[in-house]
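One structure is given here, and the rest of the page talks about it.
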Amino acid sequence: MFDELKRLVVLGAGALSLAEEEVSATIATIREKEALSKDEGEKMLVAWRDRVAANRREVEALAAKAVQDALSSVGVPARHDLDALAARVEALELRVDMLEGKRLSE
């Protein structure tokens, strides 16, 4: 399942890169026909790249959420749960050490 998800993310990133190349080529073609100034073409390309970056971040967030949900569905605890458990164990160890110290001094 994780391999499929990873492949999907890679394919999505590849598709976005290919689309960027096509948009760049289209803008260059329009500029060559003088229907678009160089500055206008650059502005369009920058705006498109910004949208692609936002979409890429959204895809990555969705993929991360899918992985988190998949791990949760099979019973793997989340990172923050493990961190909370580790903090609790550390506090208990400290308490045991303090109690043992008190017993030794009695």
Here the range 67-78 yields Karplus 3J(HN,Hα) values (6.51, -1.76, 1.60; θ = phi - 60°; whole Hz; Gly and Pro given as x) of 5, 4, 5, 5, 5, 5, 5, 9, x, 7, x, 6
Karplus 3J(HN,Hα) series, Hz, for the range 51-66 with 6.51 cos²θ - 1.76 cosθ + 1.60 (x for Gly, Pro): 5, 5, 4, 5, 5, 5, 4, 5, 5, 4, 5, 5, 5, 4, 5, 5
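Read the figures in this text as sums done on the coordinates, not as results from a lab. Note that the coordinates shown come from a computational prediction; the quantities given were computed from them, not determined experimentally.
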